[in-house]
Amino acid sequence: MSKAGMVIVGGGKAGARAAIAFRENGWEGPVTLISDEALLPYDRPPLSKAAITDDAEPEAVLLLDKDMIFSLKLTYIANAAATSVDREKQIVELSDGQHVPYQKLLLALGAEPRRLSLAGAERALMLRNHGDALKIRLAFVPGKTVAIIGGGFIGLELAASAAKRGCKVTVIEAQPRILMRGVPESIAIQVHDRHASFGTALVTSTAIDSITANEVVLSNGRRILAEIIVAGIGASPRIALAQQAGLLIDNGIACSAGMQTSDPDIYAAGDCCSFPHSVFGNARVRLEAWRSASDQAVVAVENMLGGSATCMAVPWFWSDQHDLTLQIAGLPHLGTATVNRPGKDGAFILCHLNADGRLVGASGIGQGNAIARDVRLLEMLIGKGAKPDHALLADGNAQLKALLKA
């Protein structure tokens, strides 16, 4: 058994960022990173896009390569799942029989795609890892009929990738519109129309009855030809290990604002956990976003080393939909009033304010980087708890930097 040190379970963005952060913070003791995948830690966002659409055979975009692992003096254990945590002895047991002692433990377990529970569901492909992306890439052959079940961000990104590969694509969404929980209706309409312009059929307000050998049968009796089916109906936090360890669960692994779980020696970061966010009145949030995973990992590491940091970074998320880019900052659903800030070439940003007039979110859409600068400035205003004048927000020519200075 090796000497107890800092142990990270999870080889995604949060886990890789934490491994680096330990050395950035001056920790010279052992750091062990455990992953249930055979690959080195790699990035997830390209899986639904570049890994499927690029002409060249895709390779995983590594977050830590062999040279980095060596220079950081990390112990990297691949292809071994953590099966249990003995909190009294402070040991993590792995599926290959190894026992890894820890001084402090970080759970960066990520999230698991939700599975369909209906007849024929075994036909549906799902996207979680690099291997899944390769399977989907091989399946998206020009001329093939593809049904994407789920009109959220991942489902729509996959629909765009399938259309680019020359497939005949249908998106099936049970809710009244696509991106029902993700963006306001005016943005969803833009995304809907863009997908339709590339030949994708979008079917909403309809549940699925069953899946046959070559069709998806809807509850209204309609049959959609589908040689390939991909399910993208959201993800659930991976909490089984935390449950086994007896940790408190609340919309994921329940953490403090410092990313500490109900066990003072165990922390969590990324999609698997929730925490109270002080910028939003200590509302408990669980954030499924690349940058949020990184932010939380940095806070967790600082506190695992004796610090007192809190996670106050304003959430930010992006999604590419054909030639359109969506960006979301803050928590738009907390807003009770919306101000439209127009941009160039049809781009716009919806500014979301709560009942007190405080800016709590921004939802934007446009081509390329059309909205990037203003969304970044609005993100900073959200972090400062600003209560900007509605008329200035609505004036696309008004400089948001002036509001920041004010």
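The values are calculated or read from the model by the stated rules, or taken from the named source; none is laboratory data. Note that the structure is predicted; figures quoted are calculated from it, not measured. Neighbour counts are summed over all protein chains in view; Cβ atoms, including those assigned to glycine, are modelled from backbone coordinates with ideal geometry. All accessible areas refer to the heavy atoms of the entire protein, side chains included, with ligands and DNA or RNA removed. Shrake-Rupley method; radii C 1.70, N 1.55, O 1.52, S 1.80 Å.
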How much length, in nm to one decimal, is gained on full extension between H333 and D263, taken as 0.36 nm per residue of separation minus their Cα-Cα distance?
22.1 nm
3J(HN,Hα) from dihedral phi, region 9-24, Karplus parametrisation 6.51/-1.76/1.60, rounded to Hz, x for glycine, proline
10, x, x, x, 4, 5, x, 5, 5, 5, 4, 5, 5, 4, 6, 4
Taking the Cα centroid of region 22-61 and of region 75-128, what is the distance between the two, rounded to the nearest whole Å?
16 Å
Which of the lysines could a cross-linker bridge to K401, judged by Cα under 27 Å and excluding same-chain residues fewer than eight apart?
K344, K384, K387
Counting only the heavy atoms of the protein chains, how much of Y102 is accessible to a 1.4 Å probe, in Å² to the nearest 10?
10 Å²
The chain - mean residue ellipticity at 222 nm from DSSP helices (-39,500 (n - 2.57) per run, n ≥ 4, rounded to 500)
-7000 deg cm²/dmol
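Which of the peptides 268-280, 374-386 is most tightly packed, and how do the rest follow, going by the mean number of other Cβ atoms within 10 Å of each residue? List each step's numbers first, then the result.
On the way: 268-280: 25.0, 374-386: 19.7.
Packing order, densest peptide first, comes out as 268-280, 374-386.
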Treating cross-link reach as a plain straight distance, find the aspartates and glutamates whose alpha-carbon is under 18 Å from the alpha-carbon of K405, omitting any fewer than eight places away in the same chain.
D374, E379, D389, D395
What label, among (i) 151; (ii) 166; (iii) 132, belongs to volume of the Cα convex hull per residue in Å³ computed from the structure on display?
(i)
Based on DSSP, what percent of beta bridges with both residues in the chain are antiparallel, to the nearest 5?
60 percent
Ranked from the most accessible area to the least, with a 1.4 Å probe and all protein chains present, what is the order of F348, F140, F198, F70?
F70, F198, F348, F140
Taking region 22-118, which GluC sites (Glu not before Pro) meet the DSSP loop condition and have no more than 16 other C-beta atoms within 10 Å?
E28, E59, E88
Listed peptides 10-16, 170-176 by packing density, highest first (mean Cβ within 10 Å)
10-16, 170-176
Region 241-374 - percent relative contact order, Cα under 8 Å, separation 6 or more:
16 percent
Rg over Rh, two decimals, region 153-288 (C-alpha only, Kirkwood Rh)
1.10
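Which percent of the accessible area of the chain is formed by carbon and sulfur heavy atoms (probe 1.4 angstrom)? All intermediate terms of the calculation are to be shown ahead of the outcome.
Numbers: 9000 of 17840 Å².
Answer for the chain is 50 percent, counting heavy atoms of protein chains only.
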Where labels lie 7 Å past Cα in the beta-carbon direction, separation of A50 and S197 in nm
2.5 nm
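Looking only at region 20-119, where both bridge partners belong to it, what percent of the DSSP beta bridges are antiparallel (to the nearest 5)? Each step should come with its number before you reach the end.
Numbers: 8 of 12 bridges.
Around 65 percent of the beta bridges assigned by DSSP in region 20-119 are antiparallel ones.
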Taking only Cα atoms of region 1-115, radius of gyration then Dmax in Å
15.0, 51
Using 1/(1 + (r/R0)^6) with R0 = 45 angstrom and r between the beta carbons of E185 and K3, what's the FRET efficiency to the nearest 0.05?
0.20
Tell me the relative contact order for region 61-115 as a rounded percent, counting alpha carbon contacts under 8 Å between residues six or more apart.
18 percent
Check the straight Cα-Cα distances from K144 and name the lysines below 23 Å, setting aside those fewer than 8 residues away within the same chain.
K49, K135, K164, K168
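Report the local net charge at T53: Lys and Arg +1, Asp and Glu -1, summed over other residues whose C-beta lies under 14 Å from its C-beta. Could the numbers behind the result be given before it?
Values: positive: K49, R137, K164, R165; negative: D54, D55, E57, E157, D320, D323.
In short, -2.
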Separation between Cα centres of region 235-285 and region 296-324, rounded to whole Å
14 Å
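Using mean Cβ contacts within 10 Å as the protection proxy, how do 146-159, 254-267, 220-233 order, highest first? Intermediate values should be presented prior to the final figure.
On the way: 146-159: 25.8, 254-267: 20.1, 220-233: 18.0.
So the peptides 146-159, 254-267, 220-233, ranked by packing, come out 146-159, 254-267, 220-233.
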Simple spin-label estimate for L305 and D323 in nanometres, 7 Å along Cα-Cβ
4.6 nm
Using θ = phi - 60° and the Karplus curve 6.51 cos²θ - 1.76 cosθ + 1.60, what whole-Hz ³J(HN,Hα) does each residue of region 251-256 get, with Gly and Pro shown as x?
6, x, 5, 6, 10, 7
